[in-house]
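The structure under discussion appears below in the form of structure tokens.
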Amino acid sequence: MHTEQPEQHGSGQGGVTRRAFMGTTLAGSAALLAGGITSLFPNSSAAAAALGSHDPIIEATIPELQALMASGTLSSVELTRKYLSRIGTLDHLLSAVIQTNPDALTIAAQLDAERQAGRLRGPLHGIPVLVKDNIATDDQMETTAGSLALVGSKVPADAVIVQQMRAAGAVILGKANLSEWANFRGFAPFNGWSARGGFTRDPYRLDFDPCGSSSGSAAASAANLCAVAVGTETDGSIVCPSGNNLVVGLKPTVGLVAQDGIIPIAHSQDTAGPICRTVTDVAILLGILQSPFGEVLGHKLPRDYTKFLRRGALRGARIGIDRRYFKIGYGGEADIINVVEPALQVMQSLGATLVTTDSGDSRAYSDAEFTVLLYEFKGQIADYLSTLGNTSMRTLADLIAFDIAHCPQEMKYFGQEIFEMSEATSGDLTDPIYVAARALSLQLSRAEGIDAALQRDNLDAIIAPSYSFASSPAAVAGYPNISIPVGLTTHGKPAGIWMYGTFLHEPELIGFAYDLEQQLQARTPPHYRGEVPPEPPDAGICDANRPQPEAGRAFHLTRHLGTGKPFPE
């Protein structure tokens, strides 16, 4: 099937450019966070004029949508209905949304009534948000990680981050599709598939890897099926789909955003984070998601990340380029790199000094990382399952048995080797195998990796191309990583830069990303080019009797966890 659907988007109309409009709407971001939304938009009529006769939701940011609602030009009900309509029109092609919220319009109407009464909850008042289907919502929607095994189960409460978004006025629009079990069930030869949601497609090229596991969150944000979306990452699951869908995704420092109510892989690396069309929206949403725990507790944190959205942020910055990830052996893709290289020159033109650096060989600790995840998953998934009602799923062994019993639906294309490997571990986090693997992971990714590079070369951040193996250093270290769109390849594939730093350096990354974004203006709406690939062949798993992994042995990883690409021999 070949489909091309050019989209409208808001450009400068009525004498007000998008850039000028953004400048006025961002001027009072502190007032926005304090709830003074109306005062933030004195020129709300200009906002409507800026978007002209075009559909005002196409490519609109949170501040632009708030301006329209403050002016009375748009209501939350109208906005929610528009997104639901777009989902109805486009999602048969993209499969980015696994389920819409049947209460969305009712919630939007309530928020409209509150606005009319002068009560504004916060920066997301009336803004529709999609959340990944491993994030619990205590409503009529399912929370399943895309698996049939959890259909019908009942979560005890909203995830902490969902509670915070609702408190800030969000309309939870629906659940985004994902790579089932966040890509931690088996060695899938593709990203973005779940038994519940099918195959997520990239809206730029329908035959391009949408990457995972937050495939639906990124594709939906890219295709304007929501205002903003939330994904999760253990390794690459925010930055990879963001890079491959030309959106901005931020994987925060582990401990900055609460894990409670999110289906786990491993608490040592798991985090939720924003996936949006602009750095501005990422900054707004990060402030709302912020809910510190663990290592982050006790550190002074910004209440408002929009204050770091500053032109000139790159002037005087020293940015390291880890050229390892430009090579094919570390996932580098020539056509993406051809778009990244000119963006590096733009960074230099903005006053940044670019320095070749080495943030460590991520393949040196890939097996250790995998071992850590396998050990943690066994116990942590059982802890999560124990909180659920209306299900008999209580352990990883139960999930494995379910997949075997429902093999044609769950394992037509790939198996559950990772589940089986995890089950074969002791699951004991005092086990010497786990302790040694975790210590090696931290040593090589932090002390001898990112932190060593930053100190040795006096760097403010490190960059690498998207869709490479460069998601792993920040993921394993638990450090922040942001994906910034830089353009489309000659074949129409999205290209991005991944920029990572050390513990709690989100403010610096947001500032650098904003400066580059504003200069490049690389974001363009998708046109749904290419053809939907044919259905993969049946893997024949349901008829096979495969040996089970041996308990207590070391585990060897043959594919990169962040991209799913096989490691070269």
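The values are calculated or read from the model by the stated rules, or taken from the named source; none is laboratory data. These figures come from a predicted structure and were not determined experimentally. Cβ atoms come from the backbone with ideal geometry, glycine included; neighbour counts cover every protein chain shown.
A few notes on this one:
- Selected residue (criterion: nearest to Asp112 (Cα to Cα)) from residues of the range 68-85 that are part of a helix (DSSP H, G or I) and either modelled with pLDDT under 95 or of a type in the set (S, T, N, Q) (or both): Ser76
- Qualifying position, being under 18 Å from Arg559 (Cβ atoms) and at pLDDT 95 or above, among Arg201, Arg196, Arg185: Arg185
- Pairs are defined by a Cβ separation below 8 Å, a sequence spacing of at least 6 or placement on different chains, a first member in the range 166-194 that is crowded, with 24+ Cβ neighbours inside 10 Å and among the hydroxyl-bearing types (Ser, Thr, Tyr), and a second member that is in a strand (DSSP E or B) and modelled with pLDDT of 95 or more; the pairs so defined are Ser179/Trp193; Ser179/Ser194; Ser194/Ile98.
- Phe402 vs. criteria over 30 Å from Asp358 (Cα atoms) and under 25 Å from the mean Cα position of the chain (by Cα): no
- Across the range 283-335, the number of residues qualifying as touching a Lys or Arg at 6+ places or on another chain (Cβ under 7 Å) and closer than 28 Å to His560 by Cα comes to 3.
- Test: Ala283 is of a type outside the set (Phe, Trp, Tyr) and surrounded by 23 or more Cβ atoms within 10 Å (Cβ to Cβ): yes
- Qualifying residues in the range 144-157 (those that are in contact with a helix residue (DSSP H, G or I) (Cβ under 7 Å, 6 or more places away or on another chain) and surrounded by 17 or more Cβ atoms within 10 Å (Cβ to Cβ)) - the one nearest to Arg394 (Cα to Cα): Ala149
- Sole residue being more than 22 Å from the chain's Cα centre (by Cα), on the phi < 0 side of the Ramachandran plot and surrounded by fewer than 20 Cβ atoms within 10 Å (Cβ to Cβ), chosen from Ala439, Ala453: Ala439
- With a requirement of 3 or more residues that are not assigned by TED's automatic domain parsing to the domain that holds Gly564, none of the helices (runs of 4 or more DSSP H) lying completely within the range 387-467 satisfies it.
- Filtering the range 287-311 to residues that are exposed (fewer than 13 other Cβ atoms within 10 Å of the Cβ) and either over 24 Å from the mean Cα position of the chain (by Cα) or closer than 24 Å to Tyr514 by Cβ (or both) leaves Gly298, His299, Lys300, Arg303.
- Residue check for Pro525: touching a His at 6+ places or on another chain (Cβ under 6 Å) and assigned to a loop (DSSP other than H, G, I, E, B): yes
- Out of Ser366, Ser386, sole residue that is surrounded by 18 or more Cβ atoms within 10 Å (Cβ to Cβ) and either within 27 Å of Gly449 (Cβ to Cβ) or without any contact (Cβ under 8 Å) to a residue 40 or more places away in the chain (or both): Ser366
- All positions within the range 227-238 that are in a strand (DSSP E or B) and of a type in the set (D, E, K, R): Glu233
- Of the helices (runs of 4 or more DSSP H) contained entirely in the range 239-350, those carrying at least 1 residues that are within 23 Å of Phe184 (Cα to Cα) fall at 239-244.
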